[in-house]
């Protein structure tokens, strides 16, 4: 197969150009590709804890990502839903979406966690467009029927599906949060206070 492609690369290139509408079609494809939305999520904090669901036999895991949604592309991004996949030492996991309520409690032995207006800052509920000059701040909450430990997580992959069904991906590397520190994120409405 490779030998065929090497011998006939000019014919194959001509066929591709012809199928895309000639040179103007090829230029249109290139312009469309570079003007597409470029989805980004800047992670500022992660909260991972145990989640109890009456439908599950054993406790699972809840994860709250706090961060900033942005778009570095030329065209606006109009998100519909967000999904989360996590790569761990045990394998890959797809989390379920969970909408935030008016009051969210995160019991912790080591921290006091406060979220201002969780329902309004829930990025799953965001209905608008994101462009270069309008980032969006908030939280994304997910759950899974598997017990995971923060130290097992290697990376996060956030998927944004827009209103027309196109999917955009953003990989987020796990960084060690300073679990003993107190942090305030005013734009995101998150305060984490150490009890120690």
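A short reminder: the numbers here are calculations on the coordinates, not readings from a lab. The structure presented is a predicted model; accordingly, all values stated were derived computationally and were not measured. Because the Cβ atoms are built from the backbone with ideal geometry, glycine has one as well, and the counts that use them run over all protein chains shown.
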Counting only residues that are farther than 23 Å from residue 182 by Cα and in contact with a helix residue (DSSP H, G or I) (Cβ under 9 Å, 6 or more places away or on another chain), give me the strands (runs of 3 or more DSSP E) lying completely in the stretch 76-142 with at least 1 of them. 79-88, 96-98
For the stretch 58-80, which residues satisfy the criterion of being within 20 Å of the chain's Cα centre (by Cα) and surrounded by fewer than 13 Cβ atoms within 10 Å (Cβ to Cβ)? 72
If I go through the stretch 124-148 residue by residue, how many of them are without any contact (Cβ under 8 Å) to a residue 40 or more places away in the chain and closer than 30 Å to residue 53 by Cα? 2
